[in-house]
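Take a look at the structure set out below.
Bear in mind these aren't lab numbers, they're just calculated from the coordinates by the rules spelled out. Bear in mind the structure is a predicted one, so any value in this text is a computation, not a measurement. A quick note on method: Cβ atoms are made from the backbone with ideal geometry, for glycine too, and the neighbour counts reach across all protein chains shown.
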There are 2 protein chains.
Amino acid sequence: MAKKPLILITNDDGITAPGIRTLIEVMLELGDVVVVAPDSPQSAMGHAITINSTLFCDTVVIDPDATHKEYSCSGTPVDCVKLANREILNRKPDICVSGINHGSNSSINVIYSGTMSAAVEAGVEGIPAIGFSLLDYSLNADFEACKTFVRSITKQVLENGLPKGIVLNVNIPKLKKDAIKGVKVCRQAKAMWVENFDKRTNPMGREYYWLSGEFVNHDKGEDTDEWALKNGYVTVVPVQFDLTAHHFIQELNSWDFK
Amino acid sequence: MAKKPLILITNDDGITAPGIRTLIEVMLELGDVVVVAPDSPQSAMGHAITINSTLFCDTVVIDPDATHKEYSCSGTPVDCVKLANREILNRKPDICVSGINHGSNSSINVIYSGTMSAAVEAGVEGIPAIGFSLLDYSLNADFEACKTFVRSITKQVLENGLPKGIVLNVNIPKLKKDAIKGVKVCRQAKAMWVENFDKRTNPMGREYYWLSGEFVNHDKGEDTDEWALKNGYVTVVPVQFDLTAHHFIQELNSWDFK
């Protein structure tokens, strides 16, 4: 690529999270970087957008030596992508990368994830996009092993492009680099969260809940992201946002809607 | 059906919105109803869930003559479905219906919609589910024509069930009943929003944005929801939450990830 690619970076853990700092470090090797990310944690925001409230979006300096620009936004990850493309960038980015998320976005987590929704939004706007996640929720997670895979997968997307309507969901196991067996292309495992609400009473006597739960995977397939992550692989799932269940259209047409 | 079906009702416009009141009215003809809906508007919340904050969920009486129970929840539409299934209902509902949304959830709107995300969440939890939307954003929208179609489509789902992994996205044009041509099974049109941020300055001199935009449909297909709605049909799109782009897995496997 003669000209350096323009790389839009966002996340859902907030602009100061270690995960996005690692992602920026790797992307600076590959192209011109602009960061537009939430000013606060936005995990589990899904594809939420801000329509009933205003959005702030200001330049910030997090690394004083940095030569790239960073913008901190009061909205959701999807807001960040929209603002970047319409207001901040003066040309369409060549790629949008989101993450590196602190915690898994494998399987059904893809639909709750702000990280992946940002990537999907970029995809909707016709930009090749990847969401990266490390299977470690802690704020001091070790992102060192991620770098190699983030670099090689991003390079492949820059070289090959992605078909319209598809973005990539990349998850990285919590392992040292030498223990990671390689990269596996997978399908999303059919799994779900079984919630276990923690019911409490506030000082005024009113009941309230904390949402918590357990991830349950009934999918025994060895072609799934869950299987591959458990077996030491980095997973790549191609994700689409045409949600139509095309295979069910014919049967639905036989229904009697009157 | 010998036993009356248990029907869980939710929405994203809030528990007092006219759309959900119409939905409740129709569902009371078909089964035992429990309402668990947000206490305030939650449009465009996508599949957001509340993980960093507490949830209130209280019984409320909106119609003094009602014999069914209603719960008002401080969370998102997806939170409502999770709370209903784990804490409020003593058995798995036979169906979950969400809406009737004030405004379209056709095409790409499905991924931003709290109404549809609630239906998808029910689907993830193994409950047949339908999201209903009327193409009229106004609070005093006329839901009269919706009733027939909401009734017949819900009855079909109660009779036929839905395959695992599929929920229905139903949109109803803003037309008098006689002007509606019928029900059409469709695919999601490939369309997008082109944002036009409105940039302003607050009294303290800080710039801020309002998100607004225009819906742009480049999909000329006559099998799409957009085409059918424009041509006077109620649309039914089967929606899946396995987002894997299965058709791209083979090609991705040829990439050189190193």
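To the nearest µm²/s, what D does Stokes-Einstein give for the protein assembly as shown at 4 °C and 1.567 mPa s, using the Kirkwood radius over alpha carbon pairs as Rh?
On the way: Rh = 23.3 Å.
Stokes-Einstein gives a translational diffusion coefficient of 55 µm²/s.
In percent, how large is the relative contact order of region B:193-246, given Cα pairs closer than 8 Å and 6 or more residues apart?
On the way: 45 pairs, mean separation 13.0, N = 54.
Contact order relative to length: 24 percent.
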Item to check | Position B:GLU87, label points 7 Å along Cα→Cβ, spacing to each other copy in nm (shortest first, one decimal) | outcome: 3.5
Checklist entry - If you find the alpha carbon centre of region B:1-56 and of region A:166-198, how far apart are they in angstrom? => result 32
Checklist outcome for this item: Among B:ILE249, B:MET192, A:GLN240, the residue whose Cα sits farthest towards the positive end of the charge dipole of the protein assembly as shown (+1 at Cβ of Lys and Arg, -1 at Cβ of Asp and Glu, taken about the Cα centre) is B:ILE249
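Report the local net charge at A:TYR209: Lys and Arg +1, Asp and Glu -1, summed over other residues whose C-beta lies under 12 Å from its C-beta.
Working: positive: A:LYS199, A:ARG200, A:ARG206, B:LYS82, B:ARG86; negative: A:GLU195, A:ASP198, A:GLU207, B:ASP58, B:ASP79, B:GLU87.
Every neighbour counted, the sum reads -1.
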Checklist outcome for this item: Highest GNM mean-square fluctuation among B:ASP12, B:ASP63, B:ASP225, for chain B with Cα springs under 10 Å, belongs to B:ASP63
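In whole percent, what relative contact order does chain A give with Cα contacts below 8 Å and a gap of six or more residues?
Working: 541 pairs, mean separation 44.5, N = 258.
Value for chain A: 17 percent.
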Item to check | Nearest-first distances (nm) between copies at A:PRO163, label 7 Å from Cα via Cβ | outcome: 1.9
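Within the set of other residues whose C-beta is less than 13 Å from the C-beta of A:ALA44, count the net charge using Lys and Arg as +1 and Asp and Glu as -1.
Numbers: positive: B:LYS82; negative: A:ASP12, A:ASP13, A:GLU195, B:ASP79, B:GLU121.
Result for the neighbourhood of A:ALA44: -4.
At 20 °C and 1.002 mPa s, grab the translational diffusion coefficient of region A:193-240 from Stokes-Einstein with a Kirkwood Rh over Cα pairs, rounded to a whole number in µm² per second.
Details: Rh = 13.9 Å.
Result for D is 154 µm²/s.
Using 18 Å as the Cα-Cα cut-off, could you pick out the over-long pairs in A:LYS177/A:LYS220; A:LYS181/B:LYS258; A:LYS3/A:LYS92? Don't skip to the answer; put the middle values down first.
Numbers: A:LYS177/A:LYS220 26 Å; A:LYS181/B:LYS258 11 Å; A:LYS3/A:LYS92 14 Å.
Violating the 18 Å Cα-Cα cut-off are A:LYS177/A:LYS220.
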Checklist entry - Once every DSSP H run of n ≥ 4 in chain A is given -39500 (n - 2.57) and the sum is divided by its residues, what mean residue ellipticity at 222 nm do you get, rounded to the nearest 500 deg cm²/dmol? => result -6000 deg cm²/dmol
Next on the checklist: To check you understand DSSP bridge types, tell me what percent of the beta bridges within the protein assembly as shown (both residues inside) are antiparallel, rounded to 5.
Outcome noted: 40
Checklist entry - Where is the GNM fluctuation largest for chain B (alpha-carbon springs, 10 angstrom cutoff): B:LYS177, B:LYS220, B:LYS82? => result B:LYS220
Item to check | Other copies of A:LYS199: label-to-label distances in nm, shortest first, labels 7 Å along the beta-carbon direction | outcome: 5.2
Item to check | Surrounding net charge for A:ASP12, when Lys and Arg each add one and Asp and Glu each subtract one, Cβ distance under 13 Å | outcome: -4
Item to check | Point-to-point label distance, B:ASN231-A:GLU159, nm (Cα→Cβ direction, 7 Å offset) | outcome: 4.5
Next on the checklist: From the P(r) of chain A, could you give the percentage of C-alpha pairs in the tail past 24 Å?
Outcome noted: 49
Checklist outcome for this item: Scoring region A:148-258 by relative contact order with C-alpha pairs under 8 Å, at least six apart, yields a percentage of 35
Checklist entry - Mind checking which of B:GLY14, B:GLY75, B:GLY182 has the largest fluctuation in a GNM of chain B, springs on alpha carbons under 10 Å? => result B:GLY182
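Calculated FRET efficiency, A:LYS181 and B:ASP178, Cβ-Cβ r, R0 60 Å, to nearest 0.05? Before the final figure, lay out each step's value.
Working: r = 64 Å, r/R0 = 1.06.
The calculated FRET efficiency here is 0.40.
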